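The values are calculated or read from the model by the stated rules, or taken from the named source; none is laboratory data. None of the values given here were measured: they were computed from a predicted structure. All Cβ positions, even for glycine, are placed from backbone atoms using ideal geometry, and neighbour counts span all protein chains on display.
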């Protein structure tokens, strides 16, 4: 008999014996627990591991693990603590199970109702919102909202370093794209009504639209940070997760998820670069490789924010990052060689950016 089939038979028999040996009232709750676990996509073995976690953590209603973010957090935190104490962080089976728990934890958070609702009109866009402005046949320009009224929106004169900006915007039909924090991406069509000065800034007055198209929702949960880190240009033949011994370009990690991050560097930076960000989590050096998808340059402080889309991460690295995102890692954290970064990074404005 194949080993996998034998294991499945043993697991099912164990489940039957478990249910038979329990009092009638408790039988019902565990039957429900296993049924919900199966519906959630877990295997019998994984559900049994979850059952043990629920018992260990004294969860009054174990079935709540499949809908309660708080109850699931208690169990995951207990598991992370056990992994840390046992030193089994490199066990593939353990990391696979932890990864599956994080995926389910992400699903619960992504599906819960948001306080912030979507918008259907450009009148709902806030002042200061960064924009991308598309002029067909010319290019994509960067801008931001200066002010908005019920009649029109005023945006800063769009800029693109690769396109001559001497042409007239008046009367042009444009498409406006933006990403709304903790919501989604949006796009709407508009027309430039006038070129004006607003709050001392060369600006455009554009028409509103009540037909906003909502593009994609955020695919990952991210956490805002201000953590010291190093930035490197990534070699194409480099293995994922490679840790550098020498310091790189000093930077600050501003947000983090399992699909990417944002970092602040001194000076002006360019998009489409292949980079690697290295930082410390839970006393361990972690690296995330990826591609710079967009850059926001802040001229007043001479700094750039790089928005990086991550490559596929090694399983243990992904679990470490999700542990930070969901608050599963210990609060006391020694940043190893990165401790001196907090002092050194203060001078990063004087460095050349990537």
Inset, instruction - Please find, among 101, 131, the residue that is under 30 Å from residue 37 (Cα atoms) and surrounded by 16 or more Cβ atoms within 10 Å (Cβ to Cβ). - result: 101
Inset, instruction - Please state which of the following conditions residue 204 fails to meet, knowing it meets all the rest: (1) surrounded by 20 or more Cβ atoms within 10 Å (Cβ to Cβ); (2) more than 12 Å from residue 306 (Cβ to Cβ); (3) in the same structural domain as residue 293 (by TED's automatic domain parsing). - result: (3)
Inset, instruction - List the number of the failed condition for residue 209; all other conditions in (1) closer than 30 Å to residue 150 by Cα; (2) free of Cβ contacts under 8 Å to residues at least 40 places away in the same chain hold. - result: (2)
Legend entry - Among (1) over 16 Å from the mean Cα position of the chain (by Cα); (2) modelled with pLDDT of 90 or more, the one test that residue 338 misses: (2)
Legend entry - Count of the stretch 207-263 residues which are closer than 13 Å to residue 278 by Cα, loosely packed, with under 14 Cβ neighbours inside 10 Å and over 22 Å from the mean Cα position of the chain (by Cα): 3
Inset, instruction - Count, please, the residues in the stretch 191-241 that happen to be modelled with pLDDT of 90 or more, over 25 Å from residue 132 (Cα atoms) and outside any strand (DSSP E or B). - result: 1
Inset, instruction - Can you confirm whether the stretch 152-166 contains a residue that is without any contact (Cβ under 8 Å) to a residue 40 or more places away in the chain and in a strand (DSSP E or B)? - result: yes
Inset, instruction - Scan the stretch 124-141 and give yes if some residue there is over 17 Å from residue 195 (Cα atoms) and assigned to a helix (DSSP H, G or I), otherwise no. - result: yes
Legend entry - Unmet criterion (only one of (1) surrounded by 13 or more Cβ atoms within 10 Å (Cβ to Cβ); (2) free of Cβ contacts under 8 Å to residues at least 40 places away in the same chain; (3) outside any strand (DSSP E or B)) for residue 187: (3)
